[in-house]
Each structure stands twice: as C-alpha cells, then as structure tokens.
Amino acid sequence: MTSGYAVEDWESFAVAQVGAAAALAGLIVVAASINIERIIRLPVILKRLGATLAQFTGILAVSSLLLVPGQDHRLLGIEIAIVGTGIAALMYFQHSLRAAERPYRGAAIIAVTSGILAALMIAVGGVGYATTSIGGLYWMVPGVLIGFGIGLVNAWVALVEILR
C-alpha cells in the first residue's frame with residue numbers, strides 16, 4: 001500500500017492516462033461535430049458532452065500533474081484535490097437534469113451521479129496523497145476508470161443514440 005504515496009510508482013499510470021484522456025477528449029469533440037445540429041437542439045445532451053469533456057480534461061490535468069518532477073507531496077495532493085473537486089462541482093452545476101425528458105431522466109441521473117462520483121474519488125486520492133492517509137493515489141484508479149466509462153457512454157449517445 002506504500003505505493004499509494006510514492007508518486008514515482010505512478011509514472012506509467014499517469015502517462016497512460018494522459019494519452020487516453022487526450023484521445024477520448026478528441027473523440028467527444030468529433031462526436032459532437034458530427035451531430036452538432038441535433039446536439040444543439042438538446043440542451044441535456046449538450047451539457048452532458050460538456051461535462052464529459054471537462055472530466056476528460058480533468059483526468060488529463062491530474063495525470064499531467066503526476067508527471068511533474070520534484071513536487072512536494074502536499075502540494076501535488078492539494079492540486080489533485082482541487083482539480084477533482086472543481087470537476088465534480090462543474091458536473092453538478094451543469095447537469096440540466098430538469099430539462100431531461102422523463103424517459104431519459106434515469107439515464108441522465110446515472111451519468112451525472114457517476115461523473116461526480118468519479119471526480120470526487122480523484123479528489124479523495126489527492127487528499128489521501130497530501131496527508132499520506134486513506135490509501136493515497138489508489139483512489140484515483142476507480143475515479144479514472146468510472147470517468148472514462150461514463151465518458152465513453154456519453155460519446156456513444158452523441159454518435160449513435162442521438163440519431164434514433
């Protein structure tokens with residue numbers, strides 16, 4: 001469990017997440033551009049894609065921060081916590097659930113809740129790393145995986161489901 005507090009052990013993880021987050025952010029932009037006319041007419045989908053892009057950007061930022069050499073663990077932990085909390089807040093305030101049509105409201109709630117949970121797990125990882133407690137950076141792993149999973153579902157919605 002000591003690897004949760006040794007940033008050098010996370011270099012490969014961070015490099016992989018930087019690449020994945022950048023590629024997936026690009027996918028969201030392409031998905032939105034393909035069906036832009038329909039997406040603009042559906043504020044719920046537009047906000048969902050914006051939140052997904054923010055989440056991928058947050059994962060990209062956190063992973064990039066992990067790669068900065070020589071940072072004090074407290075500072076790095078605080079930076080990670082701020083990014084995670086900021087993304088969670090942005091997702092909460094951008095959710096637009098009231099505008100979701102009743103048949104799609106359940107899926108929208110799951111997407112928003114999962115995205116917020118993922119961002120908060122990243123934030124907890126930052127707090128744990130800064131305080132060398134609660135498992136440290138290991139909290140980021142489920143946060144990143146959930147974030148990518150929900151983002152891929154949102155990309156599918158923008159590319160395919162929106163055409164139904």
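Table for the structure above
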| item | result |
| --- | --- |
| Cα-centred dipole magnitude for the chain, charges only on beta-carbon of K, R (+1) and D, E (-1), debye, nearest 20 | 860 debye |
| Fewest-first ranking of S3, S64, S12, using other Cβ atoms within 10 Å as the exposure measure | S12, S3, S64 |
| Of Q55, A111, S96, farthest towards positive along the dipole that unit charges on Lys, Arg, Asp, Glu beta carbons give the range 16-164 | S96 |
| Within a Gaussian network of the chain (alpha carbon springs, distance under 10 Å), most fluctuating of A119, A32, A100 | A100 |
| Long-range tail of P(r) for the chain (Cα pairs > 24 Å, %) | 34 percent |
| Length-normalised contact order of the chain in % [C-alpha pairs under 8 Å, at least 6 apart] | 30 percent |
| Binned Cα-Cα distances of the range 27-80, short to long, each 5 Å bin given as a whole percent | 5, 18, 21, 15, 10, 10, 9, 7, 5, 1 |
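Rule-based calculations on the coordinates, nothing more; no lab input. From a predicted model like this one, the values you see are computed outputs, not experimental measurements. With ideal geometry, Cβ positions are generated from the backbone for all residues, glycine too; neighbour counts draw on all protein chains shown.
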